[in-house]
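I have a structure here, written as structure tokens, and I will follow up with some questions on it.
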Amino acid sequence: MVIKTVWAVYFSGTGTTEKVATYLAENLARRLGAEYKAHNYTQPAGREAPLSFGPEDLVVLGTPVYAGRVPNLLLPFIQENIHGEGALAVPVVLYGNRNFDDGLMELRNVLGDNGFTSVAAAAVVGEHSFSTLLGAGRPDGEDMALVDQLAQRTADKVKELTALPAQGVAVEGCDPVRPYYTPRDRNGEPIKDFLKAKPVTDPGKCVKCGLCARLCPMGSIDGEDVSNIPGKCIKCCACVKKCPMGAKSFTHEGYLYHQHELEEQYAGRRAESKIFL
Ligand SMILES: Cc1cc2nc3c(=O)[nH]c(=O)nc-3n(C[C@H](O)[C@H](O)[C@H](O)COP(=O)(O)O)c2cc1C
Ligand code: SF4
Ligand code: SF4
């Protein structure tokens with residue numbers, strides 16, 4: 001098949017999905033002799049208009065895994081506004097060293113419903129949004145070498161295609177997808193008010209540059225007073241990890257309990273990145 005444009009279309013709070021999706025799409029474009037384009041839908045402005053693709057497009061669609069699935073507040077945008085109309089896709093999820101559960105399956109299925117055919121896919125480990133210990137420094141050289149391999153094998157596969165594959169690529173996960181992963185305490189009870197947790201701002205460190213308000217994917221931080229977060233917080237940690245002064249943090253008891261629990265259970269191991277062809 002002849003592909004004229006390879007797209008990186010992605011959401012990325014702390015940059016790991018962006019790193020993998022753009023690298024993979026650029027690499028594929030080079031190998032296929034196609035143009036490279038990118039659409040970042042992290043900020044609200046990137047989700048204002050629908051995106052439509054066609055038979056000469058290959059779309060690397062990247063999203064982090066939140067609670068074992070595609071982030072629930074982004075799912076409607078993907079479902080309703082990203083149209084394939086005969087395009088090929090490579091769904092890519094980033095996950096924070098715990099598990100990608102059904103995130104990749106869900107993304108592949110939604111893309112299939114929207115007129116894409118997934119020709120390859122990947123689940124890559126990224127440093128966990130909540131931590132600097134969990135998946136620290138991932139994706140690293142080893143992960144990116146696997147992404148290189150994926151680009152090469154996907155390009156070879158696409159060049160050999162004479163028609164759209166009858167089915168999307170097989171990926172790991174349950175189909176139908178399972179409910180969202182729920183953070184639990186030691187007694188197995190869901191952590192109280194976890195969804196309500198929002199970052200706090202240290203007034204001694206904040207220089208009022210306004211970066212966090214511009215970066216927040218939910219547009220939830222008040223630009224006039226960044227300590228005020230009137231909107232929803234998806235805990236993407238963009239404001240926490242990207243504040244140049246280190247002024248933002250979570251102090252919510254349940255959030256910190258979950259963060260430490262995850263670090264205790266999973267920081268000591270190296271989860272695998274996986275590719276599917
Ligand atoms: C609300 C939330 C839920 C998450 N749930 C999971 C999960 O279920 N499994 C996992 O391994 N990582 C999980 N993560 C970690 C992210 O998937 C991971 O850090 C990813 O690399 C973030 O991508 P980004 O840098 O593009 O924002 C979660 C992160 C957030 C913010
Ligand atoms: S990015 Fe940090 S320093 Fe800048 S306004 Fe936000 S909290 Fe303050
Ligand atoms: S306020 Fe919440 S949603 Fe907004 S950038 Fe910070 S962690 Fe992400």
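From the list P203, P165, which residue is away from ligand 1 (no atom under 16 Å from the Cβ) and more than 30 Å from I229 (Cβ to Cβ)?
Selected residue: P165, the only one of P203, P165 that is away from ligand 1 (no atom under 16 Å from the Cβ) and more than 30 Å from I229 (Cβ to Cβ).
So, in segment 223-239, exactly how many residues are in contact (Cβ under 8 Å) with a residue 60 or more places away in the chain and either in a helix (DSSP H, G or I) or assigned by TED's automatic domain parsing to the domain that holds P91 (or both)? Quick ask: steps written out before the conclusion?
Of segment 223-239, the ones in contact (Cβ under 8 Å) with a residue 60 or more places away in the chain are 232, 234-238.
From what's left, either in a helix (DSSP H, G or I) or assigned by TED's automatic domain parsing to the domain that holds P91 (or both): 238.
Residues flagged as in contact (Cβ under 8 Å) with a residue 60 or more places away in the chain and either in a helix (DSSP H, G or I) or assigned by TED's automatic domain parsing to the domain that holds P91 (or both) within segment 223-239 amount to 1.
Return the residues of segment 110-131 that are closer than 30 Å to P199 by Cβ, more than 11 Å from the chain's Cα centre (by Cα) and of a type in the set (S, T, Y); say none if nothing qualifies.
The answer is S131, and nothing else.
Follow-up question, since we're still on this one. Of the residues in segment 165-212, how many are at pLDDT below 95 and within 30 Å of R31 (Cβ to Cβ)?
Looking only at segment 165-212, we keep the residues that are at pLDDT below 95, and these are 165-167, 181-196.
Going one step further and asking which of them are within 30 Å of R31 (Cβ to Cβ), we end up with 165-167.
The qualifying residues number 3.
I would also like to ask the following. Can you work out which of the residues in segment 244-272 that are in a helix (DSSP H, G or I) and among the aliphatic types (A, V, I, L, M) is surrounded by the fewest Cβ atoms within 10 Å (Cβ to Cβ)?
So, considering only residues that are in a helix (DSSP H, G or I) and among the aliphatic types (A, V, I, L, M), the one surrounded by the fewest Cβ atoms within 10 Å (Cβ to Cβ) is L256.
What are the pairs, 6+ residues apart or on separate chains, where a residue within segment 198-220 that is at positive phi has its Cβ under 6 Å from a residue that is more than 14 Å from ligand 1 (Cβ to nearest atom) and in a loop (DSSP other than H, G, I, E, B)?
Listed pairs, sorted by first residue: G210/G223.
For residues that are touching a strand residue (DSSP E or B) at 6+ places or on another chain (Cβ under 9 Å) and of a type in the set (D, E), scanning just segment 1-59, find the one that is nearest to ligand 3 (Cβ to nearest atom).
Out of the qualifying residues, it is E18.
Name the pairs: first residue in segment 59-84 and over 18 Å from A123 (Cα atoms), second residue within 16 Å of ligand 2 (Cβ to nearest atom) and at pLDDT 95 or above, Cβ to Cβ under 8 Å, at least 6 apart or on different chains?
Every condition considered, the pairs that remain are L73/M218.
The values are calculated or read from the model by the stated rules, or taken from the named source; none is laboratory data. No experiment lies behind these values; they were computed from the predicted model shown. A quick note on method: Cβ atoms are made from the backbone with ideal geometry, for glycine too, and the neighbour counts reach across all protein chains shown.
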